[in-house]
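Notes to accompany the following structure.
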Amino acid sequence: MTPALPMVAPAKNLPTHVRIHEVGPRDGLQNEKNLVPTEVKAEFIHRLAEAGLTTIEATSFVHPKWVPQLADAETLFPALQDLDPEKIHLPVLVPNEKGLTRALTLGASRIAVFASATESFAKANLNRTIAESLDMFTPVVTRAKEEGAHVRGYLSMCFGDPWEGPVPVPQVVATAKALIDMGCDELSLGDTIGVATPGHVTALLTALNEAGVATHHLGVHFHDTYGQALSNTLAALQHGVTTVDASAGGLGGCPYAKSATGNLATEDLVWMLRGLGIETGVDLGRLTATSAWMAEQLGRPSPSRTVRALTHQEQ
Ligand code: HMG
Ligand code: MG
C-alpha cells in the first residue's frame, strides 16, 4: 500500500528548507523512569540517521545523579562513531567545564549549554542563579570554540514558567543576548512547558531582532503540552526561522519542570513541512517505523498523531 502523504500545497513567504534538530535521544529519553539500554539508544540514533535526520542530539554530559537515564553517555557516544561526522552531527548537552571535558575527550564536536530565562528554573535545573549559570557557561563556550566545536545555546522558559507564570519578553531577550554575546553559534528558544501561542512567538522573535539577534542564529524548541507546537512552528517559519527542534514520536519532558510534556513530534512536523513543500531530507515512512519501534521498547504508544495515524495504533 502507498504510504499516506499530504498533498503538496506551498504557502507564501516560507523557507524552502528546514533543518530539523532531532532531540528524541536526549530530550525525549531524559525523563524516562526505566533505564533504556545503551544498545537500544544506539540503535535509535542509527535508525534516525537512516531516516534522513542529520542533526541528532545524542545525550548529555551532566551529573549522572541529576539525569540518571543519560548516565551512560561514556558508553553510548563511542557506539556512534561509525556515523560519518561530515553528514551526521551529534550535539551533546554540557552544563559546565567537567561536562565539556567528558564530551571533548570522546571527540564531540558540537555541544550545547542550557540557560534559563527565569530564576526558578535556573535554580531547579542547574542549582544556580541565572547570573551564576552564565558565569558557569562562559569558560565552557570559550574553550569549546577554541577546540573548534560548534556551540548551541538553549534558553528555557522563554514563554512561561511553572513557578513564575508568563515570562516578560525583555527578560528573555536579556539572557538570549548574553548567550549570543558569549559566542553561541545558535540559540534555541525553548517553550519548556508548551504554553506559547503564535503571536507570542512572533513578538519574541521580533524583539530579539530589534535587540540585534539575527533570525539565522535562532531555532525554536516547542513542547506540545497545550497542542500549540505546530502553530507556533508555523509562526516561526513565517518569521524566517529555519531550524526547528523536534523529537521522534513526540517523546519528551524535562525532569526538572514537571509540567513539561513531550516535544513537538518530528513526524507531525515533517507531515506539515511536506505539505508545505518545504524540504527536510527526512523519509517519513522510515522515521515513523523507528518511532513505532521505540514505542514498543518503551512499552506504550507514541503520542504523535502522525505516528498513530500511519501505524493505525489505538488511541
Ligand atoms: P551541582 O550539584 O551544583 O554541581 O549541580 P557542583 O558543581 O556543585 O558539583 C557537585 C559534584 O558534581 C562534584 O562532584 C562534581 O565533580 C560533579 P564531587 O566533588 O561532589 O564528587 N559534577 C559532575 N559530574 C559529572 N558530570 C558533570 C558534572 N558537573 C559536576 N557535568 C549541575 C550542577 C549543572 C552539574 C547539575 O545541576 C546538572 O547536572 N544539571 C543538569 C540538569 C539537566 O540535564 N536537565 C535537563 C536538560 S535541560 C532541558 O531539558 C531543557 C531543554 O530541552 C530546552 C527546553 O525545553 O526548554 C534543553
Ligand atoms: Mg526541551
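The values are calculated or read from the model by the stated rules, or taken from the named source; none is laboratory data. These numbers were taken from a predicted model, which means no experiment stands behind them. Cβ coordinates were reconstructed from backbone atoms using ideal geometry, including for glycine residues, and neighbour counts include every protein chain displayed. Remember, those area values only see protein heavy atoms, side chains included, never the ligands or the DNA or RNA. Shrake-Rupley method; radii C 1.70, N 1.55, O 1.52, S 1.80 Å.
For the range 126-143, the criterion of a residue being touching a residue at least 40 places away in the same chain (Cβ under 8 Å) and among the acidic types (Asp, Glu) is satisfied by no position.
Screening GLY281 with (1) in a helix (DSSP H, G or I); (2) more than 23 Å from ALA124 (Cβ to Cβ) gives one miss only, at (1). From the list LEU264, LEU205, the one residue that fits, being of a type outside the set (Lys, Arg), surrounded by fewer than 24 Cβ atoms within 10 Å (Cβ to Cβ) and touching a helix residue (DSSP H, G or I) at 6+ places or on another chain (Cβ under 8 Å), is LEU205. Go through the residues of the range 88-95 one by one and say whether even a single one is away from ligand 2 (no atom under 16 Å from the Cβ) and without any contact (Cβ under 8 Å) to a residue 40 or more places away in the chain. Scanning the range 88-95 turns up at least one residue that is away from ligand 2 (no atom under 16 Å from the Cβ) and without any contact (Cβ under 8 Å) to a residue 40 or more places away in the chain.
Restricting attention to the range 192-227, the residues that are within 16 Å of ligand 1 (Cβ to nearest atom) and of a type in the set (Gly, Ala, Ser) total 3. Just for the range 63-82: of the residues that are surrounded by fewer than 19 Cβ atoms within 10 Å (Cβ to Cβ) and aliphatic (A, V, I, L, M), which one is farthest from ligand 1 (Cβ to nearest atom)? That would be ALA79.
The set of residues in the range 28-58 being touching a helix residue (DSSP H, G or I) at 6+ places or on another chain (Cβ under 6 Å), open to solvent by less than 10 Å² (accessible area, probe 1.4 Å) and within 14 Å of ligand 2 (Cβ to nearest atom) consists of LEU29, GLU57.
I'm checking my understanding of the structure. Among residues of the range 226-242 that are among the hydroxyl-bearing types (Ser, Thr, Tyr) and surrounded by fewer than 21 Cβ atoms within 10 Å (Cβ to Cβ), which one is nearest to the chain's Cα centre (by Cα)?
THR242
Restricting to the range 196-223, name every residue that is more than 13 Å from ligand 2 (Cβ to nearest atom) and assigned to a loop (DSSP other than H, G, I, E, B).
Let us first name the residues in the range 196-223 that are more than 13 Å from ligand 2 (Cβ to nearest atom), namely 197-218.
Listed by number, the residues that qualify are THR197, ALA211, GLY212, VAL213, ALA214.
Summed over the range 290-315, residues that are modelled with pLDDT of 95 or more, of a type in the set (Gly, Ala, Ser) and open to solvent by 50 Å² or more (accessible area, probe 1.4 Å) total 1. Being out of contact with any Lys or Arg (no Cβ under 9 Å at 6 or more places or on another chain), of a type in the set (S, T, N, Q), modelled with pLDDT under 95 and away from ligand 2 (no atom under 16 Å from the Cβ) is true of ASN13. I'd like to check something: does the range 16-27 contain any residue that is within 16 Å of ligand 2 (Cβ to nearest atom), of a type in the set (Val, Ile, Thr) and either part of a strand (DSSP E or B) or open to solvent by 60 Å² or more (accessible area, probe 1.4 Å) (or both)? Checking the range 16-27: at least one residue is within 16 Å of ligand 2 (Cβ to nearest atom), of a type in the set (Val, Ile, Thr) and either part of a strand (DSSP E or B) or open to solvent by 60 Å² or more (accessible area, probe 1.4 Å) (or both). Filtered by the rule that a residue be more than 14 Å from ALA108 (Cβ to Cβ) and within 16 Å of ligand 2 (Cβ to nearest atom), the range 60-84 gives TRP66, VAL67, GLN69. Being more than 21 Å from ARG19 (Cα to Cα) and either over 18 Å from the mean Cα position of the chain (by Cα) or among the polar types (S, T, N, Q) (or both) is the filter here, so list the residues in the range 184-203 that pass it. Hits for the range 184-203 are THR197, GLY199, HIS200, ALA203.
Which residues, taken from the range 256-275, are under 15 Å from the mean Cα position of the chain (by Cα), within 13 Å of ligand 1 (Cβ to nearest atom) and more than 14 Å from LEU189 (Cα to Cα)? Passing the criteria: ALA260, THR261, GLY262. Taking the criterion of being open to solvent by less than 50 Å² (accessible area, probe 1.4 Å), within 21 Å of ALA71 (Cα to Cα) and not in a strand (DSSP E or B), the only residue of the range 108-121 that qualifies is ALA108.
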